[in-house]
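Trainee: Questions regarding the structure given below will be posed in turn.
The values are calculated or read from the model by the stated rules, or taken from the named source; none is laboratory data. Quantities reported herein were computed from a predicted structural model and do not represent experimental measurements. With ideal geometry, Cβ positions are generated from the backbone for all residues, glycine too; neighbour counts draw on all protein chains shown.
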Amino acid sequence: MTDLLALSTPVTIALVAGVLIGLGFVAWLIALAIRKRGDRGPDIPPGMRPGPSDEVLERRQREKVMGWGVLFVLLSAIWLPALWLGEPGQNVDDAIELISRSEQRGSQWFQETSEENPTGYGCARCHGEEAQGGSVPFTPEGEEEPIEYPVPSLSDVCGRLDVEEIRTTIEQGREGTPMPSWSVSYEGPMNDQQILDLINYLVSIQTVTGDANLCLNPPVADEEPAPGPTASVTPGAPTGEEPQQGGAGQGGGGSSPGPEASPGNA
């Protein structure tokens, strides 16, 4: 006892803790030994145990599919209106981009052929690189000596012609001038898309603005009166009286049209 008391305090604490741990381990072993096995049924491996019923399986799958369907409908209800609201602006942006690309191609068609621009058709040879106009040697029909033919400026062509007139001039050319036909429909080298690109380029470089620009503000054609029935009046009859039928010198009783209605006097 004297030796036990002589032990230092840390050693005493460690010894007591070891005894307590040992007693606890022995008690745990005794509890495992005397614990009764509950009513757990046969010991079936997990792989051989019966699964859930078909009703449970189908309900779970059905609820999963229906949940995804509801989520898809909600997303569509939000996404489709948002897409529809942005569609007009997207169409405008697409149209602007298409016109911009067409103008770039038209500027290539307008310039002369070179290593940097192998697709040029040489419009600038006569009309100038900036479409400012100029002059070219040209021999008129019936003449022997060439003359310096004045070539009009195209940077203000919309002040003189509208788009359709420009198209016709490019496609068919101008007889008696250095301007040839450029459309494949008139034995020229350019197709319709190339001519449209060239027109878009010319419109983009115009110095004519406002209402004077016929390409952007084409003239409105006078509306013709709608065809309809008109009253026929016998020449010589007083105003407001019914036209007479079967007058003197007329056989059969039919009314004779006046000279204004006769095709021969139109």
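Trainee: Among the numbered criteria (1) in contact with a Gly (Cβ under 8 Å, 6 or more places away or on another chain); (2) modelled with pLDDT under 95, which single criterion is violated by GLU145?
Mentor: It is condition (1) that GLU145 fails.
Trainee: Determine which member of the set ASP197, ASP222 is out of contact with any strand residue (DSSP E or B) (no Cβ under 6 Å at 6 or more places or on another chain), assigned to a helix (DSSP H, G or I), modelled with pLDDT of 60 or more and acidic (Asp, Glu). Explain how you work it out, then say what you get.
Mentor: Working: ASP222 fails: assigned to a helix (DSSP H, G or I).
Checking each option against the conditions leaves just ASP197.
Trainee: Restricting attention to the range 58-114, which residues are of a type in the set (A, V, I, L, M) and either part of a loop (DSSP other than H, G, I, E, B) or under 30 Å from HIS127 (Cβ atoms) (or both)? Walk me through it before giving the result.
Mentor: So the first thing to find is which residues in the range 58-114 are of a type in the set (A, V, I, L, M), and the list is 65-66, 70-71, 73-75, 77-78, 80, 82-83, 85, 92, 95-96, 98-99.
Within the range 58-114, ALA95, ILE96, LEU98, ILE99 meet the criteria.
Trainee: Another question about this same structure. Among (1) at pLDDT below 85; (2) polar (S, T, N, Q); (3) under 30 Å from VAL203 (Cα atoms), where does SER100 come up short?
Mentor: Tallying (1) at pLDDT below 85; (2) polar (S, T, N, Q); (3) under 30 Å from VAL203 (Cα atoms), SER100 fails exactly one: (1).
Condition check ((1) of a type in the set (A, V, I, L, M); (2) exposed (fewer than 11 other Cβ atoms within 10 Å of the Cβ); (3) more than 32 Å from the chain's Cα centre (by Cα); (4) over 30 Å from VAL203 (Cα atoms)) across all residues:
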{"site": "ARG49", "(1), (2), (3), (4)": "no, yes, yes, yes"}
{"site": "GLY67", "(1), (2), (3), (4)": "no, yes, yes, yes"}
{"site": "LEU71", "(1), (2), (3), (4)": "yes, yes, no, yes"}
{"site": "VAL92", "(1), (2), (3), (4)": "yes, yes, no, no"}
{"site": "ILE96", "(1), (2), (3), (4)": "yes, yes, no, no"}
{"site": "PHE110", "(1), (2), (3), (4)": "no, no, no, no"}
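Trainee: Moving on. Can you tell me how many residues within the range 178-189 are hydrophobic (A, V, I, L, M, F, W, C) and either part of a helix (DSSP H, G or I) or surrounded by fewer than 17 Cβ atoms within 10 Å (Cβ to Cβ) (or both)? Steps first, answer last, please.
Mentor: Filtering the range 178-189 down to residues hydrophobic (A, V, I, L, M, F, W, C) leaves 179, 182, 184.
Going one step further and asking which of them are either part of a helix (DSSP H, G or I) or surrounded by fewer than 17 Cβ atoms within 10 Å (Cβ to Cβ) (or both), we end up with 184.
The number of residues fulfilling the criteria is 1.
Trainee: Here is a further query. Tell me, please, whether a residue that is within 24 Å of ASN217 (Cβ to Cβ) and β-branched (Val, Ile, Thr) can be found in the range 129-143.
Mentor: No - not one qualifying residue is present in the range 129-143.
Trainee: Considering each of GLU148, GLU175 in turn, give the residue that is in a loop (DSSP other than H, G, I, E, B), more than 20 Å from CYS215 (Cβ to Cβ) and among the charged types (D, E, K, R). Step through it out loud before you land on a result.
Mentor: On the way: GLU148 fails: in a loop (DSSP other than H, G, I, E, B).
Just one listed residue meets the conditions, GLU175.
Trainee: Considering only residues that are at pLDDT below 80 and not aliphatic (A, V, I, L, M), which ones fall in the range 13-46?
Mentor: Of everything in the range 13-46, those that are at pLDDT below 80 and not aliphatic (A, V, I, L, M) turn out to be ARG35, LYS36, ARG37, GLY38, ASP39, ARG40, GLY41, PRO42, ASP43, PRO46.
Trainee: Only one of these is acidic (Asp, Glu) and surrounded by 15 or more Cβ atoms within 10 Å (Cβ to Cβ): ASP211, ASP192, ASP197. Name it.
Mentor: ASP197
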